[in-house]
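Written below as structure tokens is the structure these notes are about.
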Amino acid sequence: MGDPLTGEFAEAVATFATGVVVLTVRDGRDDLGTTITSFMSLSLDPPMVLASVATGSYLTEVLNRQSRWAATVLSTSQRALAGRFASEGRPSARILLAAEPHHRGPRADALIPQAGVTALECETRQTMEAGDHTLFAAEVLSTDYIARDRKPLIRVDRRYVTTE
């Protein structure tokens, strides 16, 4: 049986409202991605973000090899996409995005869904293991797009919710 504090902590952080981001990276001929909710702005000068990914995941292994990646802040219309990228044993990002408008970012060479709120192309500058996650501090190379007319998808109490 696990530590009671771990369960209580998981319950406590589930109440935090967070934005929903799909992180994508190209690894040779394959494209990988996952849904993350631990993503934040870190610095304005230089522009930097911080992404948290489970240390034991294959994606972390790839991010340790490939320094350039993309982060797309999902919109309310992308709830199903968030679920597909969060599922266990998910296929290639190319397959997950096959029916969605997307393009390949020119700086990171990662797949970027086009219907999000914003998308950033990033390059990892520092990594740090923190418990069961690895933190990737990355410089933002470009803002691929900003769609101010779209509302962000939010996750709270283990559910995706809209802000409308």
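The values are calculated or read from the model by the stated rules, or taken from the named source; none is laboratory data. Note that the structure is predicted; figures quoted are calculated from it, not measured. Note that each Cβ is placed from the backbone with ideal geometry, even for glycine, and that neighbours are counted across all protein chains shown. The accessibility values were calculated without ligands, DNA or RNA, using every heavy atom of the protein model including side chains. Shrake-Rupley method; radii C 1.70, N 1.55, O 1.52, S 1.80 Å.
Annotations
- Index of the failed condition, S142 passing every other in (1) modelled with pLDDT of 95 or more; (2) more than 30 Å from T6 (Cα to Cα); (3) open to solvent by less than 10 Å² (accessible area, probe 1.4 Å): (3)
- Count of segment 60-93 residues which are open to solvent by 10 Å² or more (accessible area, probe 1.4 Å) and not in a loop (DSSP other than H, G, I, E, B): 12
- Residue within segment 38-59 that is loosely packed, with under 11 Cβ neighbours inside 10 Å and within 23 Å of P152 (Cα to Cα) present: yes
- Within segment 149-163, considering residues that are assigned to a loop (DSSP other than H, G, I, E, B) and touching a residue at least 12 places away in the same chain (Cβ under 8 Å), the one most open to solvent (accessible area, probe 1.4 Å): R158
- Scanning segment 118-126 turns up one or more residues that are open to solvent by 30 Å² or more (accessible area, probe 1.4 Å), part of a strand (DSSP E or B) and in contact (Cβ under 8 Å) with a residue 12 or more places away in the chain.
- Counting only residues that are of a type in the set (A, V, I, L, M) and at pLDDT 95 or above, segment 1-35 holds 6 of them.
- Residues of segment 136-156 include at least one that is under 30 Å from A12 (Cβ atoms), within 16 Å of the chain's Cα centre (by Cα) and of a type in the set (K, R).
- Within segment 14-29, the residues that satisfy the criterion of being of a type outside the set (S, T, Y), open to solvent by less than 90 Å² (accessible area, probe 1.4 Å) and over 27 Å from N64 (Cα atoms) are A14, A17.
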